[in-house]
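K.L.:
Can you keep this structure in mind? I'll have questions shortly.
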Amino acid sequence: MQEYSYAPSQTAVADRSTFIVKTYLHLLGAIMAFVAIEVGIFASGLALPLAQAMMGVSWLLVLGAFMMVSWLGSRVAATAESKVAQYAALGAYVLAEAIIFVPMLLIADMQAGGVITSAALVTIMGFLGLTAVVFVTRKDFSFLRGVLLWAGFGVLLLIVAGVLFGFELGTFFSVGMVVFAGAAILYDTSNVLHHYPEDRYVGAALALFASVALLFWYVLRLFMSRD
Amino acid sequence: MLHDPAPRRPLSPGERWTGLGLSLLLFGLFVADVLSPFEPRKLAFPLLLLFWAPALVVHECGHALAAKLVGWRVTQMVLGVGPELFRFRVGETRVVVRALLAEGYVVPTPRVAGLARAKSALVYAGGPGAELLVAGALALAWGWGPFFVQSDSYPLIACQSAALALTIGAVTNLVPHTLAGAANDGMGILLSPGLGLPHFTYLLAVPASRAVEEALHVGDLPLAAETADRALAAHPDNPHLALLRVRVLSATGETDAAVEALEALRETAPRDPLVEAELLHAAALIALYSQDPELLGRALQAVQAAIHAGGASARFEATRGALLYEQGRMDEAFAALQRAYKGTRDPILEDHCVAYLALVTQALGRSEDHSRFARELSRRGTHAHLQRKLAEASANVGGDPR
């Protein structure tokens, strides 16, 4: 059963620290798994056929499938009692992210090879900076949930409208999404620090990974539009 | 981001302004993206947002119309979330309009239990059905085929945006899920065939229960008693309506009479889990109102048995939280009240949770959180007896109830 607390008590500080370390180790593991899958896909020559297959169907279908995996993965990782189920959810989510990134990474690689590294560096620096803001100020950013949910809904409407009505989303949209992803990182990090139950480090790592991946996607998109 | 591990608590002024600033920044950037470079078809995004409110009205009216067609009553229709702007009546339906027209609900009630399962499914289907019908009518008005092309014609983009808003509304409501503990339309359609007669007996009592709770909430005890009596006279066999009489007796301080009436009802009421849970919950509420230490001791067991029989509804959790507070078990009280507060959008139940969370956070020494809940309690201006209790508790610890 879900229990709530605003801040760990003195006696629970050690448990909380262990939880935080485990969460970030799992996040690191998820990122490394993501990179390994991408390297595997590109090295095996699967990237091009996979990208062609994904770009051959409506982007709404790809997005819809990805949303289903995200929703199921987050739910299972956050609520399942079994650790196996939680890890399976995290694994499925990382795999889904790795697949949806293939067309974008392929285009970026063909456009200018260094752009992926630059976007990754900016994403890592942004993530570390935002994490530091939460850990140094210890501010509770859980109040951002409402804004993130409504803005997320607006973003979905905008993407659906773009696909159905046939218009491209531009630089301002990417900047908006970078701001959105930054706010999501503040929200997730603050939940890691203050609110996640201590046995939910897999779910917490999944939430953080989703926000980092979102930030990377739109930073890369911005870099590609610049180049 | 989809999972929410944080407690629900009222926003501080700083958080409110930060949230507003971030919303404006994001909205501004998205609008800037629409305008630069401008194409007529990019107007689909603002138009989708604009048509969301009319789509919501079509959806709720669809439910109401379906309910009327199958002979059910519609006592309330709520359009939107957030602060109430205004309310009006259409026949017996009270329509409440709130600030943000993003979601809503209707309260349909059967008059008799006949064919209730099929009628329930039809009422659930009425909302998304109405949206799909209007969207289809818009497409037909353009001759169907020409409607599904990408174009820069302003009238066509407007109609396509309206149809898309209606379709998204219908589809998202048809994908089965629960929201704040309540089934959405898709889930309701799926569950309706399996609902038993006790569920509809309960539904039949909902409007009167609601009216009695509202009267008790504002302290109008005569109105509460009159409403309970009138409803019971119309359906003397309904155990949920008989329980309203018990609720009124306990609220007026007639604890012995309430206990006696409850005991009598236990003898005659049908044996089903829903009624059993409500009887146990009523016993817990009598104890809570009476503040009798002996009754309070047993009340916690009663409400836990109610949760066991009827499921962990927000109402039962809220009562459990209040009883735990009365017993000084503050951490457990906080957890139970948070589950209730996060699991409801019912303003009366929210008031109850806010009031007790103000008391609990004060007892736990969480001054920042206490001031949030106390401020929210003052803003809501309800639960005078709990506000008094909070003031007394603050005086005892030398704190400031604000």
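K.L.:
Report the equivalent ellipsoid semi-axes for segment A:94-226 in whole Å, largest first, defined as the square roots of five times the eigenvalues of the gyration tensor built from alpha carbon atoms.
P.N.:
26, 18, 14
K.L.:
Between the helical axis of B:255-268 and the dominant principal axis of chain B, each derived from Cα atoms, what acute angle in degrees is found, rounded to the nearest 10?
P.N.:
Tilt relative to chain B: about 70 degrees.
K.L.:
Where Lys and Arg each count +1 and Asp and Glu each count -1, what net charge lies around B:Ala302 among other residues with Cβ under 15 Å from its Cβ?
P.N.:
Local net charge: -2.
K.L.:
Could you order A:Glu168, B:Glu226, B:Glu39, B:Glu278 so the one with the most accessible surface comes first? Probe is 1.4 Å.
P.N.:
Numbers: A:Glu168 145, B:Glu226 100, B:Glu39 60, B:Glu278 25 Å².
Most to least solvent-accessible, the answer reads A:Glu168, B:Glu226, B:Glu39, B:Glu278.
K.L.:
So which chymotrypsin sites (Phe, Trp or Tyr not before Pro) in segment A:34-135 pass both tests, a DSSP loop state and at most 12 other Cβ atoms within 10 Å of the Cβ?
P.N.:
none
K.L.:
Quick check for me: using +1 on Lys/Arg Cβ and -1 on Asp/Glu Cβ, what's the dipole size of segment B:41-193 about its Cα centre, in debye to the nearest 20?
P.N.:
Working: 11 positive and 7 negative charges, 79 e Å.
The calculated dipole for segment B:41-193 is roughly 380 debye.
K.L.:
Relative to the longest principal axis of chain B, what angle (0 to 90°, nearest 10) does the C-alpha long axis of helix B:154-174 take?
P.N.:
Computed tilt is about 30 degrees.
K.L.:
Just grab the label-to-label distance for B:Glu392 and B:Gln301, each label 7 Å out from Cα along the Cβ direction, in nm (one decimal).
P.N.:
2.7 nm
K.L.:
Hey, another quick one. Suppose all protein chains stay in the model; what accessible area per residue would a 1.4 Å probe give for segment B:41-193, in Å²?
P.N.:
Heavy-atom accessible area per residue stands at 47 Å².
K.L.:
Using the Karplus curve 6.51 cos²θ - 1.76 cosθ + 1.60 with θ = phi - 60°, work out ³J(HN,Hα) for each residue of segment B:52-62 in order, rounded to whole Hz, and write x for Gly and Pro.
P.N.:
Whole-Hz 3J(HN,Hα) from phi for segment B:52-62: 4, 5, x, 5, 5, 5, 4, 4, 5, 5, x.
K.L.:
Quick check for me: using +1 on Lys/Arg Cβ and -1 on Asp/Glu Cβ, what's the dipole size of segment B:197-397 about its Cα centre, in debye to the nearest 20? Don't skip to the answer; put the middle values down first.
P.N.:
Working: 20 positive and 27 negative charges, 135 e Å.
Roughly 640 debye for segment B:197-397.
K.L.:
Pick out which of B:Tyr154, B:Tyr124, B:Tyr356 has the largest mean-square fluctuation in a Gaussian network model of chain B, springs linking Cα atoms closer than 10 Å.
P.N.:
Of B:Tyr154, B:Tyr124, B:Tyr356, the Gaussian network model singles out B:Tyr154 as fluctuating most.
K.L.:
Hey, got the average number of other protein chain Cβ atoms within 10 angstrom for residues in A:178-188?
P.N.:
2
K.L.:
Let me ask another. 5 Å is the cut-off here: which amide hydrogens, built 1.01 Å from N in the peptide plane, fall below it relative to B:Arg94, excluding neighbours closer than 5 in sequence?
P.N.:
Hits under the 5 Å cutoff: B:Gln76, B:Met77.
K.L.:
Note down the Stokes-Einstein diffusion coefficient of segment B:187-243 in µm²/s, whole number, using a Kirkwood radius over alpha carbon pairs, 25 °C, and 0.890 mPa s.
P.N.:
200 µm²/s
K.L.:
Tell me the mean residue ellipticity at 222 nm calculated for chain A from its helices only (DSSP H runs of n ≥ 4, each -39500 (n - 2.57), averaged over every residue, nearest 500).
P.N.:
Counting only the DSSP helices, I get -29000 deg cm²/dmol.
K.L.:
Let me have the relative contact order for segment B:1-116, percent, based on Cα pairs under 8 Å that are six or more residues apart. If you can, show how the numbers build up before the last one.
P.N.:
Numbers: 123 pairs, mean separation 23.4, N = 116.
20 percent.
K.L.:
Which of the chymotrypsin sites (Phe, Trp or Tyr not before Pro) found in segment B:1-91 are in a DSSP loop and have at most 15 neighbouring Cβ atoms, other than their own, within 10 Å?
P.N.:
Here the chymotrypsin sites (Phe, Trp or Tyr not before Pro) that fit, given the DSSP loop and packing criteria, are B:Phe38.
K.L.:
Take the alpha carbon atoms of segment A:94-148, find their center, do the same for segment B:246-320, and report the distance between the two centers in whole angstrom.
P.N.:
One Cα centre to the other: 52 Å.
K.L.:
While we're on this one: Report, ordered by chain and residue number, the lysines lying within cross-link reach of B:Lys42, taken as a straight Cα distance under 28 Å and ignoring same-chain residues fewer than 8 apart.
P.N.:
The reachable lysines, counting only those whose Cα sits under 28 Å from B:Lys42, number zero.
K.L.:
With viscosity set to 0.890 mPa s at 25 °C, what whole-number translational diffusion coefficient in µm²/s follows for the protein assembly as shown from Stokes-Einstein and a Kirkwood radius over Cα pairs? Present the calculation step by step, with values, prior to reporting the outcome.
P.N.:
Values: Rh = 27.1 Å.
Roughly 90 µm²/s, to the nearest whole number.
K.L.:
Please list, or write none, the lysines whose alpha carbon is within less than 18 Å of the alpha carbon of B:Lys68, excluding same-chain residues fewer than 8 places away.
P.N.:
Hits, sequence-local ones excluded: B:Lys119.
K.L.:
Give the distance, in whole Å, between the Cα centre of segment A:36-79 and the Cα centre of segment B:1-68.
P.N.:
With segment A:36-79 and segment B:1-68 each reduced to a Cα centre, they are spaced 27 Å.
K.L.:
Right, here's the next one. Could you work out the helix-only [θ] at 222 nm for chain B, with each DSSP H run of four or more residues adding -39,500 (n - 2.57) and the total divided by the number of residues, to the nearest 500 deg cm²/dmol?
P.N.:
-22500 deg cm²/dmol
K.L.:
With charges set only on the Cβ (+1 for Lys and Arg, -1 for Asp and Glu), what does the dipole of chain B come to about its Cα centre, in debye to the nearest 20?
P.N.:
Charge dipole of chain B: 680 debye, to the nearest 20.
K.L.:
If you add up the charges near B:His199, with Lys and Arg at +1 and Asp and Glu at -1, over every other residue whose beta carbon is less than 13 angstrom from its beta carbon, what do you get?
P.N.:
Working: positive: B:Arg117, B:Lys119; negative: B:Asp272, B:Glu278.
Overall, the nearby charge balance is 0.
K.L.:
Testing the spin-label approximation: label points 7 Å from Cα along Cα→Cβ at B:Ala363 and B:Arg271. State their distance in nm.
P.N.:
3.7 nm
K.L.:
I need the phi-derived Karplus couplings for segment B:311-328: 6.51 cos²θ - 1.76 cosθ + 1.60, θ = phi - 60°, integer Hz, Gly and Pro marked x.
P.N.:
x, 7, 6, 4, 4, 5, 5, 5, 5, 4, x, 5, 5, 5, 4, 4, 8, x
K.L.:
Am I reading the B/A interface right? What is its buried accessible area, both sides, 1.4 Å probe, to the nearest 100 Å²?
P.N.:
Buried: approximately 4400 Å² between A and B.
K.L.:
Please calculate how many Å² of accessible area chain A carries per residue, with a 1.4 Å probe and no DNA, RNA or ligand atoms counted.
P.N.:
Averaged over the residues of chain A, the accessible area is 44 Å².
K.L.:
Can you work out the FRET efficiency for the pair A:Asp199 and B:Asp152, with r the C-beta to C-beta distance and R0 = 51 Å, to the nearest 0.05?
P.N.:
0.40
K.L.:
Roughly how tilted is helix A:114-137, in degrees to the nearest 10 and between 0 and 90, from the longest Cα axis of chain A?
P.N.:
Here the helix axis deviates by roughly 20 degrees.
K.L.:
Determine which lysines satisfy two conditions relative to A:Lys83: a Cα distance under 24 Å, and not lying fewer than 8 residues away in the same chain.
P.N.:
Leaving aside lysines fewer than 8 places away in the same chain, those within reach of A:Lys83 are A:Lys22.
The values are calculated or read from the model by the stated rules, or taken from the named source; none is laboratory data. Given the structure is predicted, the values throughout are model-derived calculations rather than measurements. With ideal geometry, Cβ positions are generated from the backbone for all residues, glycine too; neighbour counts draw on all protein chains shown. Note: accessible area is taken over every heavy atom of the protein model, side chains too, but ligands, DNA and RNA are not part of it. Shrake-Rupley method; radii C 1.70, N 1.55, O 1.52, S 1.80 Å.
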